[in-house]
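Everything on this sheet refers to the single structure shown next.
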2 protein chains.
Amino acid sequence: MTAKQMLAQRAEAVESYLAKCLDGRGIPERLLDSMRYSLLAGGKRLRPVLVLSWCSLLGGDANAAMPFAASLECIHTYSLIHDDLPAMDDDDLRRGRPSNHKQFDEATAILAGDGLLSEAFVLMTEAAVQNGLPAERVLKAVNVLGRAAGSGGMVGGQTVDMEFTGREGQVPLEELQKMHAMKTGALITAACECGAILSGAPEEDVRNARKFGRAVGVAFQIVDDVLDVVGDEATLGKPVGSDAEQGKSTYPALVGLEKSRQLARDHVDGAVGYLARYNGPENEFLTLLARYIVDRVY
Amino acid sequence: MTAKQMLAQRAEAVESYLAKCLDGRGIPERLLDSMRYSLLAGGKRLRPVLVLSWCSLLGGDANAAMPFAASLECIHTYSLIHDDLPAMDDDDLRRGRPSNHKQFDEATAILAGDGLLSEAFVLMTEAAVQNGLPAERVLKAVNVLGRAAGSGGMVGGQTVDMEFTGREGQVPLEELQKMHAMKTGALITAACECGAILSGAPEEDVRNARKFGRAVGVAFQIVDDVLDVVGDEATLGKPVGSDAEQGKSTYPALVGLEKSRQLARDHVDGAVGYLARYNGPENEFLTLLARYIVDRVY
């Protein structure tokens, strides 16, 4: 089985959980439609799978961590809905379909995002309440994920990204890297770290998970930038070249295509290094997954 | 001392905490400015004070609950920022100053709201991590507050409220009440309930706190509607009559001014009833506070 097939297989359980995780919460119909429209629009479910895999790798109960894993997809989805808004990146398409505010309206899209972010934290805490995970672990993981998603993490990264727009090629690589570490990296890193925390593994393993996540996160962003140049619209589900059109600073714009690919490979090699001390099928899967991220650009 | 003065005195400690609660989180400058602009724009700090008072009333450690209390003001503030956006209520003024998107820009306002909601959950979890509150209690309170703030609570209420706009006088009172219970009531109720949960009091007291919060929340919303008709712009910090202008369903529009005032009084009487079994200064304060809410319309 290829890494892509393995990821798809693991994503199936996440998909089933996501399909019902908003049921019975008293959500008004139109709002629920809008939240589900974006939450169930496909996607690789990379972040939840990273939570589950790191939890399993370190001997934890991945089933108990499922609500927590699902919360990462809620957070990821809310960020996409808000990023697509006219006042932000103004994207009409997302995953090959009208973006949320195009399908519904701006007000509903803003509220669907707000709703998904709030429900994410409800899901996280349910991991303990319903599945018997120790409260201390869950609370620690909520704190880590809250910081990663928040204004010193993903939200902050989006702010900085918008400030960069129109300065293509003028933003130093170091600043670009810092922005990506916040905007994309923080959530991917938190996925791995929270999986480790929920497993109950010692701090040393949590640190390995965090470092793996950081390296994979950087590689992932570089590959995303590269795909915006060399990908095709059908695969991406959004217009190719939109970064350049919006004057966004990207790796290819700053260091060129070939150097960007090399950088992504280097980071994946680094990530795989943090798996060296572990064994078993999850180790194998995470290694293949990390490599697959870079393979997408070939 | 009047209830207003007592509330102001208790709000001072909240104010000091809010002023520094976003420090050292690595928040980009413009985003931090925008978050602080709205978070520190005054306001009565009613929700945090309710958390602290209910915690004290039931014998809990109010100081330890301060980060949690502050999180309610972060959530309340984010909801005001997003509600004021052009795609939502399109309000240019908030508390007598330009609303967030007027002072900054729409993108920054959306992100400041997203950031405040995320930081709220970080603050909630820090209540346990830093102040020694038992993790089980904090986790339970996070779950309650997440639901109240989310798509089955405040966010859902805002969605329904927008659907009502333009149907002034045509929305049945029952539907209006349900909308308010979600939009305004849920957070006020959660403030009281979470204060009780964090105190470690038994379920019976938590239930009393919840019922008190529900009744106060309804009264609070009726009074808000009444003030939009009879208040003055300087006191309110926003244009009078904006509800009617926007075709919003309100209590005065549905049942008239006098009946609205009577309804508010009835609910406050109900709220005070839930305090009957408790003694001490917090009981006295909460009683005065509940009465003060209605007195604002006279």
statement: Screening B:Gly195, B:Gly152, B:Gly217 for residues that are over 24 Å from B:Asn100 (Cα atoms) and not in a helix (DSSP H, G or I) leaves only B:Gly152
Residue count, segment B:5-53 (criterion: away from every other protein chain (no Cβ under 14 Å), farther than 21 Å from B:Arg94 by Cβ and not small (Gly, Ala, Ser)): 10
Conditions (1) farther than 27 Å from A:Gly156 by Cα; (2) within 8 Å of chain A (Cβ to nearest Cβ); (3) of a type in the set (A, V, I, L, M): number failed by B:Ala190: (2)
task: Look at segment B:124-138 and say how many of its residues are within 7 Å of chain A (Cβ to nearest Cβ) and over 11 Å from B:Phe68 (Cα atoms).
output: 3
- prompt: Pick from B:Glu204, B:Glu174: which is over 14 Å from B:Trp54 (Cβ atoms) and free of Cβ contacts under 8 Å to residues at least 60 places away in the same chain?
  reply: B:Glu174
- line: Selection from segment A:90-109 of residues at the interface with another protein chain (Cβ under 9 Å from one of its Cβ atoms) and buried (at least 16 other Cβ atoms within 10 Å of the Cβ) yields A:His101, A:Glu106, A:Ala107, A:Thr108, A:Ala109
task: Within segment B:74-87, identify whether any single residue is touching a Cys at 6+ places or on another chain (Cβ under 9 Å) and within 14 Å of chain A (Cβ to nearest Cβ), and answer yes or no.
output: yes
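Quick grid of which residues meet (1) in contact with a Phe, Trp or Tyr (Cβ under 6 Å, 6 or more places away or on another chain); (2) over 17 Å from A:His76 (Cβ atoms); (3) among the hydrophobic types (A, V, I, L, M, F, W, C); (4) crowded, with 19+ Cβ neighbours inside 10 Å:
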| residue | (1), (2), (3), (4) |
| --- | --- |
| A:Ile197 | no, yes, yes, yes |
| A:Asn208 | yes, yes, no, yes |
| A:Gly217 | no, no, no, yes |
| A:Phe220 | no, no, yes, yes |
| A:Asp224 | no, no, no, yes |
| A:Asp228 | no, yes, no, yes |
task: Taking B:His180 as meeting all but one of (1) in a helix (DSSP H, G or I); (2) within 11 Å of chain A (Cβ to nearest Cβ); (3) not hydrophobic (A, V, I, L, M, F, W, C), write down the number of the exception.
output: (2)
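Look through A:Arg167, A:Arg207 and report the one residue that is basic (Lys, Arg) and under 21 Å from the mean Cα position of the chain (by Cα). Give the derivation first.
Numbers: A:Arg167 fails: under 21 Å from the mean Cα position of the chain (by Cα).
Only one candidate qualifies: A:Arg207.
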- request: Could you grab me the full set of residues in segment B:141-157 that are farther than 13 Å from B:Lys178 by Cβ and facing another protein chain (nearest Cβ under 7 Å)?
  value: B:Val142, B:Asn143, B:Gly146, B:Arg147, B:Ala149, B:Gly150, B:Ser151, B:Val155
message: Just checking, does segment A:144-152 include any residue being among the β-branched types (Val, Ile, Thr) and closer than 19 Å to B:Glu126 by Cβ?
response: yes
statement: Every listed condition ((1) within 14 Å of another protein chain (Cβ to nearest Cβ); (2) part of a helix (DSSP H, G or I); (3) surrounded by 18 or more Cβ atoms within 10 Å (Cβ to Cβ); (4) touching a residue at least 40 places away in the same chain (Cβ under 8 Å)) holds for B:Ser56 save (1)
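Each reported figure results from applying straightforward, stated rules to the coordinates on display, with no laboratory input. Bear in mind the structure is a predicted one, so any value in this text is a computation, not a measurement. Because the Cβ atoms are built from the backbone with ideal geometry, glycine has one as well, and the counts that use them run over all protein chains shown.
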